DNA sequence: GCTTCGAAGTTTAGGTCTGAAGTCTTCAAG
DNA sequence: CTTGAAGACTTCAGACCTAAACTTCGAAGC
């Protein structure tokens with residue numbers, strides 16, 4: 001395993017990334033007819049996600065795993081009893097190719113996070129299960145994530161959280177209709 | 001350049017990714033004491049972002065470039081006159097390492113999207129500029145993106161869009177305070 | 001003026017992903 | 001029973017990234 005996921009990048013001085021408002025102003029300047037309202041929503045979504053992934057990456061790094069590995073553990077736990085899935089299933093759920101799944105499982109078996117066995121009733125199939133250690137790391141990662149998430153939302157009242165959740169769900173439904181094929185590389189955690 | 005960015009993944013039948021509501025229910029089952037309200041917001045954010053990147057990837061693929069390359073073009077345009085930046089600046093703005101920036105610029109120069117010259121007044125520095133073709137592809141990509149984004153938000157009224165933008169901005173401000181060091185690998189577009 | 005330090009880019013080694021080409025097993029049809 | 005086709009996983013080649021070593025130029029101190 002390779003220690004950290006985070007490009008520290010806290011490099012030097014010099015122009016950093018423009019702020020959201022600066023970016024919107026620049027867009028207005030370079031492309032007339034862009035709706036700032038829409039741009040703000042889309043850009044904020046994207047930036048928020050990036051920051052969240054940085055936060056998750058720091059947390060999983062503390063556990064000695066990567067975001068990608070935590071994702072696999074999550075999929076296994078959320079699958080429910082008996083906490084086992086085939087590589088193909090996992091690949092579909094995580095949105096990556098079977099080839100990538102094979103490699104990822106290789107690493108995770110070597111680290112003792114999951115097990116890999118052949119299905120005796122159908123010897124083409126492979127079954128991936130979670131180990132005690134894997135389950136423990138999943139849980140600890142989740143605990144850290146909830147602390148972060150609570151802090152993230154702390155300025156929003158209960159009503160606001162509900163409204164935000166409802167609006168995001170509506171947007172999600174709309175894209176899912178437009179993109180019925182699942183997909184998308186999953187760099188993210190949820 | 002490598003054609004497409006999109007794992008088509010529209011593979012076969014078989015269990016796909018669980019729906020958002022299924023996932024929240026599974027979380028409740030496996031981890032008592034998780035706030036579903038928070039979970040919905042966070043998971044919806046993450047899924048939305050993934051879908052958006054898939055959409056952007058399809059659009060940039062139509063232009064024969066990658067999301068990553070479009071990001072570079074965007075940074076150059078948003079920098080404003082004279083539309084030139086050094087590799088270091090670009091790397092900071094895009095949130096990647098200088099080494100990655102060197103390679104990316106190599107490819108983009110070969111494709112005629114940007115130019116690379118030495119700064120004559122300080123021969124350590126390199127200056128990257130955008131070509132006509134690069135600018136045209138940026139613009140066309142932006143046009144496609146705005147169509148998609150307008151469609152994405154079409155169910156929301158003007159008021160709702162404003163509310164959503166305001167709430168997301170508040171969340172963003174909070175994470176930015178907590179993570180003053182810029183950073184984060186940029187897989188995303190905004 | 002030389003020397004040394006620091007900043008900017010590039011190069012190199014190694015890791016993880018995609019896409020395409022295998023390999024092996026099962027199942028259904030002849 | 002045999003054979004062909006489909007499915008599940010793995011292997012291989014290539015793309016793009018990070019981290020770290022290296023190269024070069026410019027600026028400050030003696």
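The values are calculated or read from the model by the stated rules, or taken from the named source; none is laboratory data. Bear in mind the structure is a predicted one, so any value in this text is a computation, not a measurement. Methodologically, a virtual Cβ is constructed for each residue, glycine included, from the backbone with ideal geometry; neighbour enumeration extends over all protein chains shown.
Inspect the stretch A:34-50 for any residue being at the interface with chain B (Cβ under 9 Å from one of its Cβ atoms), assigned to a loop (DSSP other than H, G, I, E, B) and modelled with pLDDT under 95 and give the result as yes or no. Yes, the stretch A:34-50 contains at least one residue that is at the interface with chain B (Cβ under 9 Å from one of its Cβ atoms), assigned to a loop (DSSP other than H, G, I, E, B) and modelled with pLDDT under 95.
Per-residue answers, yes or no, for (1) crowded, with 17+ Cβ neighbours inside 10 Å; (2) at pLDDT 95 or above:
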residue: A:105; (1), (2): yes, yes
residue: A:113; (1), (2): yes, yes
residue: A:118; (1), (2): no, no
residue: A:124; (1), (2): no, no
residue: A:129; (1), (2): no, yes
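Considering the stretch A:141-159 alone, what residues qualify as being farther than 17 Å from residue A:44 by Cα and surrounded by fewer than 16 Cβ atoms within 10 Å (Cβ to Cβ)? Scanning the stretch A:141-159 gives A:143, A:147, A:150, A:151, A:154, A:157, A:158, A:159. Restrict the check to the stretch A:82-98 and report whether at least one residue is away from DNA strand C (no atom under 14 Å from the Cβ) and in a helix (DSSP H, G or I). Scanning the stretch A:82-98 turns up at least one residue that is away from DNA strand C (no atom under 14 Å from the Cβ) and in a helix (DSSP H, G or I). Please indicate, with yes or no, whether at least one residue in the stretch B:60-77 is within 19 Å of residue A:24 (Cα to Cα), under 17 Å from the mean Cα position of the chain (by Cα) and at the interface with chain A (Cβ under 8 Å from one of its Cβ atoms). Yes, that holds for at least one residue. Residue check: residue A:112 meets all listed conditions (1) in a helix (DSSP H, G or I); (2) closer than 18 Å to residue A:136 by Cβ but one, namely (1). If I filter the stretch B:66-81 for residues that are part of a loop (DSSP other than H, G, I, E, B), closer than 28 Å to residue A:51 by Cβ and either touching a strand residue (DSSP E or B) at 6+ places or on another chain (Cβ under 6 Å) or within 15 Å of DNA strand C (Cβ to nearest atom) (or both), do I get at least one hit? Within the stretch B:66-81, one or more residues are part of a loop (DSSP other than H, G, I, E, B), closer than 28 Å to residue A:51 by Cβ and either touching a strand residue (DSSP E or B) at 6+ places or on another chain (Cβ under 6 Å) or within 15 Å of DNA strand C (Cβ to nearest atom) (or both). The residues in the stretch B:70-110 that are in contact (Cβ under 8 Å) with a residue 60 or more places away in the chain and near DNA strand D (Cβ under 10 Å from one of its atoms) can be counted, and the count is 5. Here residue B:94 clears all of (1) touching a strand residue (DSSP E or B) at 6+ places or on another chain (Cβ under 8 Å); (2) under 30 Å from residue A:145 (Cβ atoms) except the condition numbered (1). For the structure I just gave you, tell me whether residue A:91 is more than 7 Å from every other protein chain (Cβ to nearest Cβ), over 27 Å from residue B:173 (Cα atoms), surrounded by 13 or more Cβ atoms within 10 Å (Cβ to Cβ) and in contact with a helix residue (DSSP H, G or I) (Cβ under 9 Å, 6 or more places away or on another chain). Yes: the conditions hold for residue A:91.
So that you can scan it fast, the table gives a plain yes or no per residue for (1) touching a residue at least 40 places away in the same chain (Cβ under 8 Å); (2) within 16 Å of DNA strand D (Cβ to nearest atom); (3) out of contact with any strand residue (DSSP E or B) (no Cβ under 9 Å at 6 or more places or on another chain); (4) not in a helix (DSSP H, G or I):
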position	(1), (2), (3), (4)
A:117	no, yes, no, yes
A:134	yes, no, no, no
A:139	no, no, yes, no
A:150	no, no, yes, no
A:165	no, no, yes, no
A:173	no, no, yes, no
A:176	no, no, yes, no
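For residue A:188, the conditions (1) away from DNA strand C (no atom under 16 Å from the Cβ); (2) closer than 22 Å to residue A:65 by Cβ; (3) at pLDDT below 95 are fulfilled apart from (1).
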